[in-house]
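Enquirer: What follows is a single structure, and I will ask about it in a moment.
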Amino acid sequence: MTFAIITPALMVGAFAERLKFTSMLAFCLGWLVVVYLPICHMTWGGPGSYFGDMGVFDFAGGIVVHITAGVGALVACIVIGPRSGYGRTPMLPHNLTMCFTGTGMLWVGWYGFNGGSALGANGGSALGANGGSALGANGGAAMAVVVTQISAATAAATWMGAEWIRHGKPSVLGIATGAIAGLAAVTPASGFIGPVGGLSIGFASGLVCFLASTTMKNALGYDDSLDVFGVHGVGGFVGTLLAAVFASQVFGGNQGDLAIGSQLGVQAYAAIVTVVYTAAATFAILKVVEAVMGLRVEDEDETRGLDISLHEETGYNY
């Protein structure tokens, strides 16, 4: 249930301050049932599950959590539309201190997210009985925590370097975003790889997610206020593919007769199916909610801020 709760919550940040509160609740409930639960069952449903029987590697939710949330966020941003003034008015983070503090909390919490997916404090193999990716399959907790740390730190440094090269200076926000990208990307592979895999996934995700959240986002023109697609969606996709490349037999990854190319094909197929299904289902859910109760708040309410216009509360009372 923890994963089921966090996945829709990731999406909300992408279209914050635009969606009616009641519509958001209805959308999240519908999305949980129509998108999350089927993908979760296909991946972690044990014998008889679609992706599980194929031998897909997803230790802690790269497909189930991050790709679904990222793609759902992208579709929602496109359907709902950009914030008022987007592209014309600077929209800076509200509080960088809180942002960095929250990143640190996420980083530490991710040890439980990935390491806890082994369902036991151990350092053994993460390979399930069917050779697949069943959640909590036989161990891998210790190494999952180690590679989580390595990937996050590497991605943070990579994003910082890319930002430094492009803009001439690094930023706190960039370092924090890079760390989250590394955490998201290592999630599907964390129980199957060693330190070198964590380092490689961290570097790849830091660079690819940086380009997705800047160059690609600007080219496509969508308003993802928290870069959920660029960080979680793209990061989850990168990590899902690279899980096949860096999975080690020692940690429950590729067995001797299983080629990297074959596993890469399985990983890519599962990721693409998830993208297509999530995009189509998310679009349908949004259109149903829009027809029944509407999606977007009034312009005046958006200008005042939804804390005040919908809840009559403020974050700070001086």
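Where a number appears in this text, it was derived from the coordinates with a stated rule and is not lab data. All values derive from a computational prediction rather than experimental measurement. Reconstructed Cβ throughout: ideal geometry from the backbone, glycine too, with neighbour counts over all protein chains shown.
Enquirer: Evaluate E = 1/(1 + (r/R0)^6) for residue 108 and residue 196, where r is the Cβ-Cβ distance and R0 equals 25 Å; express this FRET efficiency to the nearest 0.05.
Expert: Details: r = 24 Å, r/R0 = 0.94.
The calculated FRET efficiency here is 0.60.
Enquirer: Same structure, new question: Where does each of 174-182, 142-150, 12-20, 66-74 land if you order them by average Cβ count within 10 Å, highest first? Can you show the working numbers first?
Expert: Working: 174-182: 27.1, 142-150: 23.2, 12-20: 19.4, 66-74: 29.3.
For the peptides 174-182, 142-150, 12-20, 66-74, the packing ranking is 66-74, 174-182, 142-150, 12-20.
Enquirer: Less than 22 Å apart at the alpha-carbon level, and either on another chain or at least 8 residues along: which lysines does that give for residue 169?
Expert: Reachable lysines: 217.
Enquirer: Sort out for me the Cα centre separation of segment 154-215 from segment 74-100, rounded to whole Å.
Expert: So the two Cα centres are separated by 21 Å.
Enquirer: List residues of segment 214-251, by number, whose backbone nitrogen lies under 20 Å from a label position 7 Å along Cα→C-beta of residue 299.
Expert: 223
Enquirer: Rounding to the nearest 10 and keeping the result within 0 to 90°, find how far the Cα-based axis of helix 2-12 lies from the longest principal axis of the chain.
Expert: Its long axis makes an angle of about 40 degrees.
Enquirer: Still on this structure: Under a straight-distance cross-link criterion of Cα-Cα below 20 Å, which lysines are reachable from residue 20, leaving out those fewer than 8 residues away in the same chain?
Expert: 287
Enquirer: Cut-off is 10 Å between beta-carbons; in what order do 302, 163 appear when sorted fewest neighbours first? Spell out each step's value before the answer.
Expert: Details: 302 16, 163 21.
Exposure proxy ranking, most exposed first: 302, 163.
Enquirer: What is the helix-to-structure angle for 96-110, meaning the angle in degrees between its Cα long axis and the longest Cα principal axis of the chain, kept from 0 to 90 and rounded to the nearest 10?
Expert: Helix 96-110 and the main axis of the chain meet at about 30 degrees.
Enquirer: Continuing with the same structure: Once label points are set 7 Å from the Cα along Cα→Cβ at both residue 171 and residue 292, what is their separation, rounded to one decimal in nm?
Expert: The two pseudo-label positions are separated by 3.9 nm.
Enquirer: With the cut-off at 1.5 for a/c, could you classify the chain from its C-alpha gyration tensor as rounded, prolate or oblate? All intermediate terms of the calculation are to be shown ahead of the outcome.
Expert: Working: a/c = 1.96, a/b = 1.45, b/c = 1.35.
In terms of gyration-tensor shape, prolate.
Enquirer: Could you order the peptides 199-206, 270-277 from most to least packed, using the average number of other C-beta atoms within 10 Å per residue? Present the calculation step by step, with values, prior to reporting the outcome.
Expert: Values: 199-206: 25.4, 270-277: 19.0.
Result, highest mean first: 199-206, 270-277.
Enquirer: Quick one: angle between helix 68-80 and the longest Cα principal axis of the chain, in degrees between 0 and 90, rounded to 10, please.
Expert: Compared with the principal axis, the helix lies near 20 degrees.
Enquirer: Averaging sequence separations of C-alpha pairs under 8 Å and six or more residues apart, then dividing by the length of the chain, give the relative contact order as a whole percent. Working shown, then result.
Expert: Details: 603 pairs, mean separation 81.9, N = 318.
Relative contact order, the chain: 26 percent.
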